[in-house]
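Laboratory data are not the source of any read-out in this text; all were calculated from the coordinates shown. Quantities reported herein were computed from a predicted structural model and do not represent experimental measurements. Neighbour counts are summed over all protein chains in view; Cβ atoms, including those assigned to glycine, are modelled from backbone coordinates with ideal geometry.
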Amino acid sequence: MKDVLLSGYLAVLSFQDIKQKKVSLWLLLAGVIGGVCYAIVQQRGFRVLGDILPGTLMCMMILLAPKALGIGDGIVGVIYGLFYGWRSTCVCLMLAFGLTVIVGVTLCIGRSGRRIQIPFIPFLMAVHVGMYLGKG
């Protein structure tokens, strides 16, 4: 059930990310609250600090290089960790980054140095769907 709910949540964020190049603070806050509630129900205790580590590190990297990604992308990484733990979050983020790079390089071929913006959350959603809904 959480796979389907998170897929829907990521789909809404993806749509916003594609259309507006940013995501709603309220949707991010709702995701954090939902993730914290889920972690409490699962009684994960202090393990949750490790689970949010990949997303937290991503947020720190974004603060150091703000033009690469938006802080909302890092917060979505934290939310993902709250639901799936640090291992799955690392795998999902790495695959999503890889997919983004492949698409980005493909789009840049033939463009003479023009900068393009590629939303990250749709790639995260695609990897999530592939990892969790395709396991069935």
Which residue fluctuates most in the GNM of the chain (Cα springs below 10 Å): 106, 89, 56?
106
Rounded to the nearest 0.05, what FRET efficiency do residue 87 and residue 37 have when you use their Cβ-Cβ distance and R0 = 22 Å?
0.55
Approximate spin-label separation residue 115-residue 7, in nm, with each point projected 7 Å along Cα-to-Cβ
3.6
Between the stretch 1-24 and the stretch 67-136, what is the separation of their alpha carbon centroids in Å?
12
So for the pair residue 94, residue 133, with labels modelled 7 Å out along Cα→Cβ, what separation do we get in nm?
2.5
Normalised by the residues of the stretch 2-133, what does the relative contact order come to in percent, with Cα pairs under 8 Å and at least six apart?
33
Multiply the residue separation of residue 103 and residue 63 by 0.36 nm, subtract the distance between their alpha-carbon atoms, and state the gained length in nm to one decimal.
12.0 nm
Kindly write out, for the stretch 36-45 in residue order, the coupling ³J(HN,Hα) from the Karplus curve 6.51 cos²θ - 1.76 cosθ + 1.60 (θ = phi - 60°), rounded to whole Hz, with x marking Gly and Pro.
5, 4, 4, 5, 5, 4, 6, 6, 8, x
Estimated distance in nm for a label pair at residue 53 and residue 20, the labels positioned 7 Å out from Cα along Cα-to-Cβ
3.4
A correct Stokes-Einstein calculation for the chain, using the alpha-carbon Kirkwood radius, 20 °C and 1.002 mPa s, returns a whole-number D in µm² s⁻¹ of 140
